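The structure under discussion appears below in the form of structure tokens.
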Amino acid sequence: MVLGKQGAGKGTQCVRLSHHYVVPHVSTGDMLRAAVKQGTPIGQKAKDLMDRGELLGDELIMEMVAERLQESDVRARGFVLDGCPRTVAQAEELAGILAPFDLDLAIDIEIHTTQVLRRLAARRVCVDCGANYSLSSPPLINWTCDVCGGEVVQRQDDTEEAISRRLELYEIQTAPLIEWYRSRNQLESVPGTGSPDSVTRRMVKVIEIRRQRGSGFG
Ligand code: AMP
């Protein structure tokens, strides 16, 4: 599971880790954006809250995650979890869902707020597959996704107001999870600065060290 402020590079790094370890990438943000696009009941509830940078209720999120974590690809291979838990209540619920197993590891991508503000202002995403781009690394052809051909746009919650609300909620609701996982010996932290490649290398390194120690990894 990957933790970090908005703009720390969670989405980008989770896609990379899921390719590296050949496991599904389970992203609550991507699932919710797909639900909004399809106009499902969850999507209709989620849209306004997401646009304003507010968090959705723990119950709705954990029901959605519990359902996803029961699917056969996840059960067979494991998963990289992105965007959940975001509150201590969600972390407790997640531990219950996974029992008698547990998360192998929570990785916190550390980054300074001034840097995430710069990154979020430049961030662009594919409306169809959620692939991440930025003004400095756009898709090859005219804001058309390199992966799926979808349209690449600025996220509706990457406005100045919603960004500051999301960062505020991160500090209040999500940052306590760092201590929560540390106290359970399930946390590693990596600096989120530098190129995406260098951050991925740091993450793979801490995972491999844990694997060799055998702590937690089934
Ligand atoms: P993300 O793509 O992870 O930044 O998520 C986008 C938005 O989806 C968030 O700002 C929240 O509104 C909502 N969201 C995603 N995951 C969660 C979660 N675990 N708990 C509550 N809200 C969430």
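State the answer as a single residue: which of V204, C148, G192 lies farthest towards the positive end of the charge dipole of region 146-210, with beta carbon charges of +1 for Lys and Arg and -1 for Asp and Glu, about the Cα centre. The Cα lying farthest towards the positive end belongs to V204. Rounded to the nearest 20 debye, the dipole magnitude of region 146-218 is 740 debye, with +1 charges on Lys and Arg beta carbons, -1 on Asp and Glu beta carbons, and the Cα centre as origin. Heavy-atom accessible area, probed at 1.4 angstrom with all protein chains present, ranks I141, I61 as I141, I61, highest first.
Here r is the Cβ-Cβ distance between S198 and D146 and R0 is 22 Å; the resulting FRET efficiency, rounded to 0.05, is 0.55.
Comparing T87, L98, M50 along the charge dipole axis of region 48-133, the residue lying farthest to the positive side is M50, per the Cβ-charge model.
Between the residues M64, V15, V26, the greatest Cα displacement towards the positive end of the dipole of region 1-83, with unit charges on the Cβ of Lys, Arg, Asp and Glu, is found for V15. Distant-in-sequence amide contacts of R155, defined by a placed amide H-H separation under 5 Å and a gap of 5 or more residues or a different chain, comprise V125.
DSSP assigns beta bridges within the chain; of those with both partners inside it, close to 40 percent run antiparallel.
Just check region 7-56 against the gyration tensor rule for me: Cα atoms, a ≥ b ≥ c as the square roots of the eigenvalues, rounded for a/c under 1.5, and otherwise prolate or oblate depending on whether a/b exceeds b/c. Don't jump to the answer; show the numbers that get you there.
On the way: a/c = 3.79, a/b = 1.86, b/c = 2.04.
Here region 7-56 falls in the oblate category.
Given axes a ≥ b ≥ c from the Cα gyration tensor, I'd like to know whether region 1-129 is rounded (a/c under 1.5), prolate (a/b larger than b/c) or oblate. Note, shape of region 1-129 comes out rounded. So the label point goes 7 Å from the Cα of A66 along Cα→C-beta, right? Which residues of region 7-48 then have their backbone N under 18 Å from it? Flagged as within label range: 28, 42. Using a Cα-Cα cut-off of under 25 Å, which lysines could be cross-linked to K47, ignoring same-chain neighbours fewer than 8 residues away? Partners found: K5, K10, K37.
Its Cα centre serving as origin, the chain has a Cβ charge dipole (Lys and Arg +1, Asp and Glu -1) of approximately 660 debye. Multiplying the residue separation of A76 and E110 by 0.36 nm and subtracting their alpha-carbon distance yields 9.2 nm. Using only Cα atoms, locate the centre of region 35-75 and the centre of region 126-199, then give the distance between them in Å, rounded to an integer. Each part reduced to its Cα centre gives a spacing of 17 Å.
How would you rank 36-49, 180-193, highest first, on the average number of other Cβ atoms within 10 Å across their residues? Write down the numbers at each step before the final one.
Values: 36-49: 14.3, 180-193: 16.4.
Final packing ranking: 180-193, 36-49.
Using a ≥ b ≥ c from the Cα gyration tensor of the chain (square roots of the eigenvalues), is it rounded, prolate or oblate, where a/c under 1.5 gives rounded and otherwise the larger of a/b and b/c decides, a/b for prolate? List each step's numbers first, then the result.
Details: a/c = 1.39, a/b = 1.23, b/c = 1.13.
Note, shape of the chain comes out rounded.
Looking only at region 157-201, which residues have a backbone nitrogen under 11 Å from a spot 7 Å from the Cα of E59 in the C-beta direction? Zone members listed by number: none at all.
The values are calculated or read from the model by the stated rules, or taken from the named source; none is laboratory data. Because the structure is predicted, anything quoted here is derived from the model rather than measured. Cβ atoms come from the backbone with ideal geometry, glycine included; neighbour counts cover every protein chain shown. Note: areas computed on protein heavy atoms with side chains; ligands, DNA, RNA excluded. Shrake-Rupley method; radii C 1.70, N 1.55, O 1.52, S 1.80 Å.
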